[in-house]
Every structure is written in C-alpha cells, then in structure tokens.
Amino acid sequence: MTIDAVDSQGALIEARSASGPRSREATLTADLSAIELRAITDRQLQCLAWVQEGKSASDIGGILGISSRTVEGHLSKVCAHLNVRTRFQAVLKALDLGLLARRP
C-alpha cells in the first residue's frame, strides 16, 4: 500500500495498492515523508504565507516581530522540508499539498 495524500499533520488521508495509477497529488507527496510534513512549524508556514503575498523577508520580519534573518531561516527550513530550492517553488508545492490556502 502507498500513501496518496497526507494532511498538514502528516496523517494518512487516502491509501491504495501500489499497482494503481499515480495521481499528481500522489507524486507530489510520495517524496515527502509524514515526518517531514510534521516538522514544518506554524511559524514557518506563516512566513511562507507572507511570501505567497509577495512580501520580502524584511517585510515579513516587521509583520511578525522577528528579524529578517530569522525569517530567512524559517524559509530555508521550509524549502528543505519540501525538497525545493526557491521560495516560489516552496509556495507552489505547499499549495499543491494543501499546506497553504489558495487565493482568489
């Protein structure tokens, strides 16, 4: 059995046999373990949500009352957990995984 999707807490949402076709969502979550998803903190997701809004690290730091260097650290860890290189890729993957809400 393989994991098709996990929620933001890493809980199994749907499972199927390995012989079935893979959906785009299954492909996205296949490279992420539930442990990695659970390791993403609320603060890291807050920073990523502000990136989605187009804010810089300095802007985000001012909004959240933390230094821009701390914001950079949070975003770096999110990228590592999601196995991506850029903030843009992290936002897209987080949207695909349901970790961030889509904007209208």
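The values are calculated or read from the model by the stated rules, or taken from the named source; none is laboratory data. What you see is a predicted model; the values in this text were computed from it and never measured. FYI the Cβ positions are ideal-geometry reconstructions off the backbone, even for glycines, and counts take in every protein chain you see. Note: areas computed on protein heavy atoms with side chains; ligands, DNA, RNA excluded. Shrake-Rupley method; radii C 1.70, N 1.55, O 1.52, S 1.80 Å.
Projected label points at Lys55 and Phe88, each 7 Å from Cα along the beta carbon direction, are separated by 2.1 nanometres. With a 1.4 Å probe rolled over the protein heavy atoms of all chains, the accessible area of Asp96, Asp59, Asp42 falls in the order Asp42, Asp59, Asp96, largest first. Of the trypsin sites (Lys or Arg not before Pro) found in segment 49-104, the ones in coil according to DSSP and having at most 14 other Cβ atoms within 10 Å of their Cβ are Arg85, Arg102.
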